[in-house]
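As structure tokens, the structure follows; a few thoughts come after it.
The values are calculated or read from the model by the stated rules, or taken from the named source; none is laboratory data. Computed from a predicted structure; not experimentally measured. For neighbour counting, all protein chains shown are included, and Cβ atoms are generated from backbone atoms with ideal geometry for every residue, glycine included.
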Amino acid sequence: MSNAVTSDQYLDEYGTGLVGRWDDLVGWEARSKSEGAFFLDLLREHGARRILDAATGTGFHAVAFADAGYDVTAVDGAPEMVARARANLAARGYPGVACEVADWRDLAATAPGPFDAVVCLGNSFGHLFSEADLAASLRSFYEVLSPGGLFVLDSRNYDRVLDGTASCGNRNYCCVGNDADVSLELSGPERVTITYKIGCSDVYRIETHPWRRAELSAAISGAGFRGLEVHGDFQADFDPASVEFFVYIARKP
Ligand code: SAM
């Protein structure tokens, strides 16, 4: 693999057998327990109705939001993920939920909205490898939100990885399947390799850009969002030196 990872690499990474194993990695039941009602409470408190699940993967949140009665649209840039999300939605009784291939940097043609909320979960922004692509993605989300709309993004606490204080251990709220073993390695100054081991023999690797909390916060505000709140491991009061994940919550004015 060349050293120059780009924001298009996810298309190769999720064009492999990893997609077929994603549901095993996620562990839908365990993940539901781990997240609790955090995201559903946010949507309810905001009074949202139309939701865009912008990195749907295999459809875990799209199904959860449909179960809760929301009007969901699901998109993802990887065609293999979208195929699996459609199958999961249909199997759970939601064959009519719109589920399309769309890259965040060019979203409006496929999912023009307007949406009351855009959620982008599962540490997905780690797949963006330049400030330009980060800004373009945030601009797209801003564009498809209605005024007052809610934006919700999660990210690993890469500050701890970069500062050498992360356990790099197994506490992964989004990949909690029974057989899943997930580890992180700082493999370059701006690169963290995530290795997924499933069962005894299957090993998959993806490259991520370790966006710091300060960088994501600045980019979200720079895109025009206001009222940014950050939660750590789903808590409003948290110690940034010990949490594994951040959730960023902001609004379009
Ligand atoms: N949200 C799902 C979950 O939590 O299970 C999937 C998370 S997976 C780590 C990241 C997802 O982001 C993948 O499905 C990938 O295809 C998608 N993705 C990465 N870069 C993207 C881009 N530029 N546009 C659209 N989707 C992208």
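Quick notes on this one:
- Flag for residue 78 being at pLDDT below 95, of a type in the set (A, V, I, L, M) and closer than 15 Å to residue 127 by Cβ: no
- Matching residues, region 125-149, being part of a helix (DSSP H, G or I) and either surrounded by fewer than 23 Cβ atoms within 10 Å (Cβ to Cβ) or among the β-branched types (Val, Ile, Thr) (or both): 126, 131, 132, 133, 135, 136, 139, 140, 142, 143, 144
- Pairs linking a residue in region 117-146 that is closer than 12 Å to residue 10 by Cβ and more than 8 Å from the ligand (Cβ to nearest atom) to a residue that is hydroxyl-bearing (Ser, Thr, Tyr) and in a loop (DSSP other than H, G, I, E, B), with Cβ atoms under 8 Å and 6 or more positions apart or on different chains, are 129/6; 129/7.
- Scanning region 241-250 turns up at least one residue that is more than 27 Å from residue 14 (Cβ to Cβ) and either in contact with a Pro (Cβ under 7 Å, 6 or more places away or on another chain) or in a loop (DSSP other than H, G, I, E, B) (or both).
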